[in-house]
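Below is one structure, written out as structure tokens; the observations come after it.
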Amino acid sequence: FEALDDNWMVVECMDWTAGAMYLREDPGALLLQEDALRLCRSLDPVPIHTEVRLMTNLATVYTERREWSKAVKMYEQVVSKGRDLQDMGRLARIYAGLGIAYRNLGDMTRAVSYTQKASAFQSLQQDKAALTKVELELALLLIRHGDLASAEIHLNKALESCLLNDLEPERNRVLLGMAELHLNRGDYEQAGRLAHD
């Protein structure tokens, strides 16, 4: 494709190669992904679907590397540039990623806000395990934010989903979240029972 001067396909190949390198935990994946995004943005016209996909992939890599500020910046670019191009499931993942990044930056207000958006979009999907995970993340953020009543509502939704959909690993995480809730209320006996369960 380079020999044919088909830079649109060069970008696609770079993206796929970077994805394979990422799965192999090759540290060169990040640099290749960044180069692919730069080349993509230099094209005329810029292929917006490809650009949004590249930005989403980069945001995920930054999140995995715990580069929270870069992850936030990239996720916010994805949201502003590709809002109309996203499906509900992808938007849920993007907002969940923003919530995690802001939590790790210590901005609980934004973390809660974005995780609530992730929950809203995820509730429109069929993936019950993903919805349970987002509900649990939101509950834990609300506990840290001091809103124990709202946290309990989300924990109960998550537990109900676990029981209805036979999500045993998620159920265990929800029970630990409930234990944390009771610890914050000072109900050590109930917290101990839930942790034991």
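Roughly how many debye, to the nearest 20, is the charge dipole of the chain about its Cα centre, given +1 on each Lys and Arg Cβ, -1 on each Asp and Glu Cβ, and no other charges? Present the calculation step by step, with values, prior to reporting the outcome.
On the way: 23 positive and 30 negative charges, 114 e Å.
Result for the chain is approximately 540 debye, rounded to the nearest 20.
List the trypsin sites (Lys or Arg not before Pro) in the range 38-82 that DSSP assigns to loop (not H, G, I, E or B) and whose Cβ has at most 12 other Cβ atoms within 10 Å. Which are they?
Working: sites: Arg38, Arg41, Arg53, Arg65, Arg66, Lys70, Lys73, Lys81; in loops: Arg65, Arg66.
Qualifying residues, ordered by number: Arg65, Arg66.
Assuming R0 = 30 Å, what is the FRET efficiency of Cys13 and Asp44, from their Cβ-Cβ distance, to the nearest 0.05? Please report the intermediate quantities before stating the final value.
Details: r = 19 Å, r/R0 = 0.64.
Using R0 = 30 Å, I get an efficiency of 0.95.
What does the net charge come to around Leu98 if you take all other residues with beta carbon closer than 9 Å to its beta carbon, with K and R at +1 and D and E at -1?
Values: positive: Arg110, Lys117; negative: Glu76.
Result for the local shell: +1.
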*asked:* Sequence gap at least 6, Cα distance under 8 Å: using those rules, report the relative contact order of the range 1-79 to the nearest whole percent.
replied: 22 percent
*Mind checking the angle between helix 108-122 and the chain's longest principal axis? C-alpha axes, 0 to 90 degrees, to the nearest 10.*
80 degrees
*Net charge of Cβ neighbours under 13 Å - reference Ile153; Lys, Arg +1; Asp, Glu -1*: -3
_How tilted is helix 48-64 with respect to the longest principal axis of the chain? Cα atoms for both, answer in degrees (0 to 90, nearest 10)._
50 degrees
_Tilt relative to the chain, helix 168-185 - C-alpha long axis, 0 to 90 degrees, to 10_ = 60 degrees
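What FRET efficiency do you get for Asp197 and Leu164 if R0 is 25 Å and r is their Cβ-Cβ distance, rounded to the nearest 0.05? Show your work: numbers first, answer last.
On the way: r = 18 Å, r/R0 = 0.72.
It comes to 0.90.
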*Leu124/Leu4 FRET efficiency (R0 45 Å; Cβ-Cβ; nearest 0.05)*: 0.60
*Distance from the Cα centre of the range 1-79 to that of the range 124-197, in angstrom?*
35 Å
*With the chain treated as a Gaussian network of Cα nodes joined by springs under 10 Å, which of Cys40, Cys162, Cys13 yields the largest mean-square fluctuation?*
Cys13
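Quick note: the coordinates plus some simple rules give every number you see, no bench work behind them. Values in this document were obtained by computation on a predicted structure and should not be read as measured data. Positions of Cβ are backbone-derived with ideal geometry, glycine not excepted, and every protein chain shown enters the neighbour counts.
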